[in-house]
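Student: Mind looking over this structure? Questions follow.
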C-alpha cells in the first residue's frame, strides 16, 4: 500500500489523504505553508491522544443469572436437609445397655438439650441415664457440662467422680469426691467413695476413717450395709478396730479432706 501513511503514534496504516489517524485520531498532515504569519513564533501545541472510554462490562445473561440463583437455593436447601437429617440420626443413635423406656427418655432429653444447651437439669438427667447404663465416658462429658454451668450440683460432682473411677482414673475421681466435700462436708456418698478409693490404694486406715464418717453422716440403709461390709473386710485383713460412732473419725489436728468445709 504505497500511498498509505503510517501513524507515528499507533502504527496504523491510513490512506495518504487522511488528515488524522482513523484509529487513534493522531494528526497526519503538516500545516499548510503560509498558514502561519511570517515571523510569528510557532505555538507550542501539545496534542493529546483522545481518551478512550472504558470497556463496558458485558450485560449479564438473565437466564444464566436465574440459573445461578436456582443453584444457590438448591445448595442452601441441601445444607438444611443435611443438618436436619444429621440431627435426626444423632437423635436416633441407640445407647448401649438402655432399655426401651430409657432409650425413649434419652431421645426426648437429646431433643430438649439440642434446643437449649444451657438446660442443666436436662443435661444431668441425660447424664444419669448414661450413668445407669454404664456409659461412663459419655456420662462424664454430660456431667462436666452441667457442672461447668452450675458448680453447686454436688451429686453431679460425685457421679462424675464415679465415672472417672470406673474408667480407672483414680486421681481424678478422688479430686471430685474431695470437691463434693468442700461443697457439702457430710455428703455420705462422697465419703463412702473416698473410703473405696483409699481401700483400693491400700490406705486401709484412711479408708476406715472415711467409711466411719460416712456412717455418721446418715446414709441410706442399703449404703450402711455396704459401708459395714467394706469395714469388716479391712478389719479382717489388718486387725484394726474402727473408732466408735459419735467420737469422730478424724485424729486431732487433722482437717477434713478437701478443705475446712466453710
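Student: Extending each Cα 7 Å along its Cβ direction at residue 107 and residue 169, get the distance between those two points in nm, one decimal.
Tutor: So the label points at residue 107 and residue 169 sit 3.1 nm apart.
Student: Moving to a separate point now. Using the Cα gyration tensor of the range 95-167, with a ≥ b ≥ c the square roots of its eigenvalues, what is the shape: rounded (a/c below 1.5), prolate (a/b larger than b/c) or oblate (neither)?
Tutor: It is oblate, given that a/c is not under 1.5 and a/b is not larger than b/c.
Student: What full-extension length gain, to one decimal in nm, is calculated for residue 200 and residue 132 as 0.36 nm per residue of separation minus the Cα-Cα distance?
Tutor: Length gained, residue 200 through residue 132: 22.2 nm.
Student: I've got another one for you. If each of residue 150 and residue 119 carries a label point 7 Å out from its Cα toward its Cβ, how far apart are those two points in nm?
Tutor: The answer from the label model is 1.3 nm.
Student: Continuing with the same structure: Tell me the relative contact order for the range 95-167 as a rounded percent, counting alpha carbon contacts under 8 Å between residues six or more apart.
Tutor: 27
Student: Right, here's the next one. Residue 12 to residue 233: extension gain in nm, 0.36 nm per residue of separation minus the Cα-Cα distance?
Tutor: Details: separation 221, 0.36 × 221 = 79.56 nm, distance 11.07 nm.
Extra length from residue 12 to residue 233 when fully extended: 68.5 nm.
Only the coordinates and a few stated rules stand behind these numbers; no lab work does. Every value quoted in this text rests on a predicted model; they were computed, and no experiment measured them. Cβ coordinates were reconstructed from backbone atoms using ideal geometry, including for glycine residues, and neighbour counts include every protein chain displayed.
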